[in-house]
Amino acid sequence: MNGTAHAAVGAGAGFIVANTHTVTPTETLLLVSIGTIAGLLPDLDIDGKLRGRITLSHKMFRTIAQLIGILMITYSIYEGDGTNQFIGLGIGVLLLILASFLKQKHMLLLTGIAVMAVGLSLQEMWLLLLGVYILIASVVAHRSYTHSAIGVIFVGYIAYRLELSFALPGIHSTCLAGYISHLVADSKLLPFNKRGIKLFLPFSSKEV
Ligand SMILES: [Zn+2]
């Protein structure tokens, strides 16, 4: 199934969940958007539509990554204390080093690190974990861990933390519905799918 179809199914899931909660039109729109993103998330492991959209041109991205690295280092030196200071410094230096040999295929990896860095500095657990997710998606094989039960559990926890931060009921179930809809659409449950998903990784690589 292509990105547009996955996005549409995710949006539909968001819309259904929104309607089971009594929410305002703005909140419905927010839930539909979150469902759409969740429906596209598993395919961050390919050079698909979403990956093309969230990464920028090579040089611009490198400059932004270097700037974030310098900001992290500066911020850590002046504002950080104890462990935070070392984490901030470490990420800043890592970003600077990575950015200097940045190639096309590293862009998603670097996006993950940048999202983690922002999550750390804002003290937002969901953003930090989303960065970890993007980082993992950039290195694993297509249709492996992001398309497995472990992926669902990980994203479910991110969504739980996101719901805590935004205090909007429905975020958790919308994310799960959008994400699971993607896995169902990629699985052999649909008769026209010749390939399935390895749902039980790392315990079994049987395709379902
Ligand atoms: Zn997929």
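Please enumerate the residues belonging to region 145-157 that are part of a helix (DSSP H, G or I), touching a Pro at 6+ places or on another chain (Cβ under 9 Å) and not β-branched (Val, Ile, Thr).
Of all residues in region 145-157, those part of a helix (DSSP H, G or I) come to 145-147, 149-157.
Going one step further and asking which of them are touching a Pro at 6+ places or on another chain (Cβ under 9 Å), we end up with 145-147, 150-151, 155.
Answer for region 145-157, where residues must be part of a helix (DSSP H, G or I), touching a Pro at 6+ places or on another chain (Cβ under 9 Å) and not β-branched (Val, Ile, Thr): Tyr145, His147, Gly151.
Within region 128-147, count every residue that is within 16 Å of the ligand (Cβ to nearest atom) and either open to solvent by 40 Å² or more (accessible area, probe 1.4 Å) or small (Gly, Ala, Ser) (or both). Break it down stepwise before answering.
At the first step, the residues of region 128-147 found to be within 16 Å of the ligand (Cβ to nearest atom) are 133-134, 136-138, 140-147.
After this cut, where a residue has to be either open to solvent by 40 Å² or more (accessible area, probe 1.4 Å) or small (Gly, Ala, Ser) (or both) as well, the list is 136-138, 141-142, 144-145.
Total satisfying the criteria: 7.
Within the bounds of region 182-196, is there any residue that is free of Cβ contacts under 8 Å to residues at least 40 places away in the same chain, away from the ligand (no atom under 16 Å from the Cβ) and either surrounded by fewer than 18 Cβ atoms within 10 Å (Cβ to Cβ) or under 21 Å from Ile46 (Cα atoms) (or both)?
Yes, some residue in region 182-196 is free of Cβ contacts under 8 Å to residues at least 40 places away in the same chain, away from the ligand (no atom under 16 Å from the Cβ) and either surrounded by fewer than 18 Cβ atoms within 10 Å (Cβ to Cβ) or under 21 Å from Ile46 (Cα atoms) (or both).
Could you give me the residue pairs with C-beta distances under 8 Å whose first residue belongs to region 117-144 and is assigned to a loop (DSSP other than H, G, I, E, B), whose second residue is among the small types (Gly, Ala, Ser) wherever it lies, and which are 6+ apart or on separate chains?
Matching pairs, first to second residue: Glu124/Ser165.
Write out, first by first residue and then by second, each pair whose Cβ atoms fall under 9 Å of each other, whose residues are 6+ apart or on separate chains, and whose first residue, in region 32-45, is free of Cβ contacts under 8 Å to residues at least 12 places away in the same chain while the second is of a type outside the set (Asp, Glu).
none
So which residues in region 6-42 are farther than 15 Å from Tyr179 by Cβ, assigned to a helix (DSSP H, G or I) and open to solvent by 20 Å² or more (accessible area, probe 1.4 Å)? So that I can check it myself, show each step before the final result.
So in region 6-42, the residues farther than 15 Å from Tyr179 by Cβ come out as 15, 18-30.
Right, trim to assigned to a helix (DSSP H, G or I) and you get 15, 18-20, 25-30.
Matches in region 6-42: Phe15, Asn19, Thr20, Pro25, Thr26, Glu27, Thr28, Leu29, Leu30.
I want to confirm something. Restricting to region 169-179 and keeping residues that are surrounded by 19 or more Cβ atoms within 10 Å (Cβ to Cβ) and of a type outside the set (Ser, Thr, Tyr), which single residue is nearest to the ligand (Cβ to nearest atom)?
Quick first cut of region 169-179, residues surrounded by 19 or more Cβ atoms within 10 Å (Cβ to Cβ) only: 170-179.
Imposing the further condition that a residue be of a type outside the set (Ser, Thr, Tyr) reduces the set to 170-172, 175-178.
Working: Gly170: 24, Ile171: 22, His172: 21, Cys175: 16, Leu176: 16, Ala177: 16, Gly178: 12 Å.
Applying the filter and picking the extreme gives Gly178.
For (1) open to solvent by less than 70 Å² (accessible area, probe 1.4 Å); (2) in contact with a helix residue (DSSP H, G or I) (Cβ under 6 Å, 6 or more places away or on another chain); (3) farther than 18 Å from Asp45 by Cα, each residue gets a yes or a no:
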| site | (1), (2), (3) |
| --- | --- |
| Ser121 | yes, no, yes |
| Trp126 | yes, yes, yes |
| Ala149 | yes, no, no |
| Leu164 | no, no, yes |
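Any residue at all in region 122-130 that's closer than 18 Å to Gln66 by Cβ, within 10 Å of the chain's Cα centre (by Cα) and not β-branched (Val, Ile, Thr)? Give the derivation first.
Taking region 122-130 and keeping what is closer than 18 Å to Gln66 by Cβ, we get none.
Looking through region 122-130, none of the residues is closer than 18 Å to Gln66 by Cβ, within 10 Å of the chain's Cα centre (by Cα) and not β-branched (Val, Ile, Thr).
The values are calculated or read from the model by the stated rules, or taken from the named source; none is laboratory data. This structure is a prediction, so every number in the text was calculated from the model and none was measured. Methodologically, a virtual Cβ is constructed for each residue, glycine included, from the backbone with ideal geometry; neighbour enumeration extends over all protein chains shown. Heads up: the accessible areas ignore ligands, DNA and RNA and are worked out on the full protein's heavy atoms, side chains in. Shrake-Rupley method; radii C 1.70, N 1.55, O 1.52, S 1.80 Å.
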